[in-house]
């Protein structure tokens with residue numbers, strides 16, 4: 001059933017060592033089942049994110065807290081996958097027996113955010129150039145909205 005899930009599933013023991021991953025996790029991480037076991041699962045985390053994610057993971061394991069973060073995975077083929085990681089403790093009463101983590105591929109969302117951010121920056125820069133141009137014109141310049149309210153006056157106006 002877990003192999004049919006569109007989300008990666010990662011199960012760890014009480015110490016935080018991987019004991020199970022489903023097929024989707026393996027696809028997202030680029031690791032085989034055997035390569036993910038124990039602490040070797042952390043090799044999938046992008047080197048620039050690894051220390052932060054492992055520190056957050058270890059804190060959550062020791063504090064029996066939930067774990068949520070976004071991080072990049074770096075596959076062996078050098079492709080990068082953005083992921084959202086969510087984990088909670090598996091409990092037997094008050095005793096934590098391990099953790100279950102859901103891994104979601106958010107690469108498409110991150111790509112869209114990057115394009116949007118670049119577009120916003122380009123628009124801001126264009127607006128700044130227009131503002132400088134309008135302020136340097138020797139004639140009065142003003143603009144209004146549809147209701148006739150003045151929205152811009154240059155220094156000469």
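Nothing in this text is a laboratory measurement; each read-out follows from the coordinates by a stated rule. Just so we're clear, the structure is a prediction, and the values are computed from it rather than from any experiment.
Okay, here's what the table says:
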item: Principal-axis tilt of helix 107-136 within the chain, Cα atoms, nearest 10 degrees; result: 20
item: Using alpha-carbon coordinates, inclination of helix 47-63 to the longest axis of the chain, degrees; result: 60
item: Rounded, prolate or oblate (a/c below 1.5 giving rounded, otherwise prolate when a/b exceeds b/c) for region 105-157 by Cα gyration tensor; result: oblate
item: DSSP-defined beta bridges in region 14-157 - what % are antiparallel, rounded to 5; result: 100
item: Rg/Rh ratio calculated on Cα atoms of region 47-113 (Kirkwood radius); result: 1.05
item: Relative contact order (%) - the chain, alpha-carbon pairs under 8 angstrom, separation at least six; result: 17
item: Principal semi-axes in Å for the chain [√(5λ), Cα gyration tensor, largest first]; result: 51, 17, 14
